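Asks: Would you mind keeping the following structure in view while I ask a few things?
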Amino acid sequence: MRATTFLLAFTLSTTTLAQDIAGRWITVDDNTGKQRSVVEITVTDGIAHGRIVQIFDKDKVGKTCEACTDDRKGRKVLGMEIIRNMVRKGSEWTGGTILDPDNGKVYTCKMWVENGKLKVRGYIAFFFRTQTWLPDGR
């Protein structure tokens, strides 16, 4: 009985610590609070990548990233990979980058799950901005 209780407690604790970022997340505009897009994050061989799979503003669905300076320049934002090469370190995902397709800037990135929401932090030097993404629930 004690072994079963220990095994159950261990399983629940590791599941809680290992909350996964994989899935569909709704991005929210920092200024307006409006939902902007859905980003689908996948993890393959321990490396996370994310792409925009839905844009809520129908006027922006066909938009391309003209401000991008890498291989994404001129490509459609819908379907674009904006999160690259994130690696899990404890309860956080780090070491990768995130692209803001509105301005073409690429930021160093850190992500973690907090209270069922995804915290996404982009860095340039000592400055950072953290967004809260909501689970899509699909």
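Rule-based calculations on the coordinates, nothing more; no lab input. Remember, it's a predicted structure, so these values are computed and weren't measured experimentally. Note that we place each Cβ from the backbone using ideal geometry, even for glycine, and neighbour counts take in every protein chain shown.
Asks: Among all residue pairs at least 6 apart or on different chains, which show Cβ distances below 8 Å where the first residue, located in segment 101-129, is at positive phi and the second is part of a strand (DSSP E or B) and surrounded by 13 or more Cβ atoms within 10 Å (Cβ to Cβ)?
Replies: Close Cβ pairs (under 8 Å, with a partner that is part of a strand (DSSP E or B) and surrounded by 13 or more Cβ atoms within 10 Å (Cβ to Cβ)) amount to G116/P135.
Asks: Something else: Kindly provide the set of residues from segment 96-127 that are part of a loop (DSSP other than H, G, I, E, B) and surrounded by fewer than 18 Cβ atoms within 10 Å (Cβ to Cβ), ordered by number. Write out each step before concluding.
Replies: Filtering segment 96-127 for residues part of a loop (DSSP other than H, G, I, E, B) gives 101-104, 115-116, 125-126.
Across segment 96-127, the qualifying residues are D102, N103, G104, N115, G116, A125, F126.
Asks: Sticking with this one: When the residues of segment 24-62 are filtered to those that are in contact with a strand residue (DSSP E or B) (Cβ under 9 Å, 6 or more places away or on another chain) and of a type in the set (K, R), which remaining residue is farthest from R88 (Cα to Cα)? Break it down into steps so the answer makes sense when it comes.
Replies: Our first condition is that a residue be in contact with a strand residue (DSSP E or B) (Cβ under 9 Å, 6 or more places away or on another chain); within segment 24-62, this holds for 24-30, 34-43, 46-57, 60-62.
From what is left, the residues that are of a type in the set (K, R) are 24, 34, 36, 51, 60.
Working: R24: 18, K34: 29, R36: 26, R51: 18, K60: 32 Å.
Checked segment 24-62; the qualifying residue farthest from R88 (Cα to Cα) is K60.
Asks: Please go through segment 72-95 and give me each residue that is of a type outside the set (A, V, I, L, M, F, W, C), more than 14 Å from the chain's Cα centre (by Cα) and surrounded by 14 or more Cβ atoms within 10 Å (Cβ to Cβ), ordered by number.
Replies: R72, R75, K76
Asks: Which of the residues belonging to segment 95-114 are touching a Phe, Trp or Tyr at 6+ places or on another chain (Cβ under 9 Å) and polar (S, T, N, Q)? Walk me through how you get there before you give the answer.
Replies: Of segment 95-114, the ones touching a Phe, Trp or Tyr at 6+ places or on another chain (Cβ under 9 Å) are 97-100, 107-112.
Result: T97, T108.
Asks: To continue, here is another question. If I ask for residues that are on the phi < 0 side of the Ramachandran plot and either assigned to a strand (DSSP E or B) or of a type in the set (D, E) (or both), which ones from segment 80-95 would you list? Give the derivation first.
Replies: Pass one, segment 80-95, residues on the phi < 0 side of the Ramachandran plot: 80-84, 86-89, 91-94.
Listed by number, the residues that qualify are E81, I82, I83, R84, M86, V87, R88, K89, E92, W93, T94.
Asks: Return the pairs, sorted by first residue and then second, in which the second residue is part of a strand (DSSP E or B) and among the basic types (K, R), the first residue lies in segment 39-52 and is free of Cβ contacts under 8 Å to residues at least 60 places away in the same chain and closer than 14 Å to W25 by Cα, the beta carbons are less than 7 Å apart, and the residues are 6+ apart or on different chains.
Replies: E40/R24; E40/R51; H49/R84
Asks: Okay, moving on. Hey, among T69, T42, which residue is surrounded by fewer than 19 Cβ atoms within 10 Å (Cβ to Cβ) and either in a loop (DSSP other than H, G, I, E, B) or of a type in the set (A, V, I, L, M, F, W, C) (or both)? If you could, list the steps in order and put the result at the bottom.
Replies: Details: T42 fails: either in a loop (DSSP other than H, G, I, E, B) or of a type in the set (A, V, I, L, M, F, W, C) (or both).
T69 is the lone residue from the list that is surrounded by fewer than 19 Cβ atoms within 10 Å (Cβ to Cβ) and either in a loop (DSSP other than H, G, I, E, B) or of a type in the set (A, V, I, L, M, F, W, C) (or both).
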